[in-house]
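One structure is given below, encoded as structure tokens.
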Amino acid sequence: MGRWEPNAKGRLEKAAMTLYLDRGFEQTTVADIAERAGLSERTFFRYFADKREVLFSGAATLQELMVSCVRDAPTSLAPFDIVTLALAQAGAAIGQGRERARLRQRVIDANDELKERELIKLATLAGAMTEELRARGVADTTSSLAAEAGITAFRIGFERWVRGSDDADLVQFIAESVAQLAAITHTMSTVSKEL
């Protein structure tokens with residue numbers, strides 16, 4: 001094999017996804033992935049720390065996108081509106097890869113360890129947005145509620161998008177989840193005033 005391999009990362013991702021779906025995540029080794037891609041294990045480890053990272057390698061980029069959106073949002077926006085803006089940016093970034101997202105979700109759904117890792121990723125995103133809201137001077141509880149509620153809306157919108165059969169884009173699904181959350185909280189606040 002030559003020293004430089006074109007699109008090595010993409011080849012490794014494609015090989016891994018194929019093997020995860022055919023054999024299962026647990027039964028697939030790094031050696032299997034490298035062999036299927038026509039690359040060495042050493043090349044695999046240039047791009048990924050382990051075989052889970054094939055599925056989660058974009059998490060840091062997504063987090064930085066969302067945090068920078070919160071950081072740069074206009075000061076006139078309410079905390080939840082800032083989070084909603086970050087969710088829309090994330091949806092636009094992810095939304096171009098629906099078929100890959102569907103395959104990735106199938107792999108995650110079949111493995112409890114990966115489901116846990118996905119939940120940790122979402123909690124980490126919520127925590128990062130919470131910290132950025134606090135840095136903007138938003139109260140602790142408000143920061144946490146806005147970020148956690150936003151991530152819940154994001155997760156539900158993402159699940160609908162990745163499992164759906166229509167042509168709606170991810171940003172639309174996220175917006176619908178946010179609108180439903182707003183309607184629910186409005187109803188809840190009306191009831192809580194009566195208590």
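The values are calculated or read from the model by the stated rules, or taken from the named source; none is laboratory data. Note that the coordinates shown come from a computational prediction; the quantities given were computed from them, not determined experimentally. As a convention, Cβ positions derive from the backbone with ideal geometry for all residues, glycine included, and neighbour counts pool all protein chains shown.
May I ask you to say which residue of 35, 26 is at pLDDT 95 or above, assigned to a loop (DSSP other than H, G, I, E, B) and over 19 Å from the mean Cα position of the chain (by Cα)? Give the derivation first.
Numbers: 35 fails: assigned to a loop (DSSP other than H, G, I, E, B).
Among 35, 26, only 26 is at pLDDT 95 or above, assigned to a loop (DSSP other than H, G, I, E, B) and over 19 Å from the mean Cα position of the chain (by Cα).
Go through (1) out of contact with any Pro (no Cβ under 9 Å at 6 or more places or on another chain); (2) buried (at least 19 other Cβ atoms within 10 Å of the Cβ) and name the single condition residue 64 misses.
(2)
With the structure loaded, tell me whether residue 70 is in contact with a Lys or Arg (Cβ under 9 Å, 6 or more places away or on another chain) and more than 27 Å from residue 13 (Cα to Cα) or whether it fails that test.
On the way: in contact with a Lys or Arg (Cβ under 9 Å, 6 or more places away or on another chain): yes; more than 27 Å from residue 13 (Cα to Cα): yes.
The answer is yes for residue 70.
Take the residues in the range 1-12 that are in contact with a Ser or Thr (Cβ under 8 Å, 6 or more places away or on another chain) and buried (at least 17 other Cβ atoms within 10 Å of the Cβ); name whichever of them is modelled with the lowest pLDDT. Steps first, please.
Restricting attention to the range 1-12, the residues satisfying the condition of being in contact with a Ser or Thr (Cβ under 8 Å, 6 or more places away or on another chain) are 1, 5, 8, 12.
After this cut, where a residue has to be buried (at least 17 other Cβ atoms within 10 Å of the Cβ) as well, the list is 8, 12.
On the way: 8: 93, 12: 96.
Looking at residues that are in contact with a Ser or Thr (Cβ under 8 Å, 6 or more places away or on another chain) and buried (at least 17 other Cβ atoms within 10 Å of the Cβ), I get 8.
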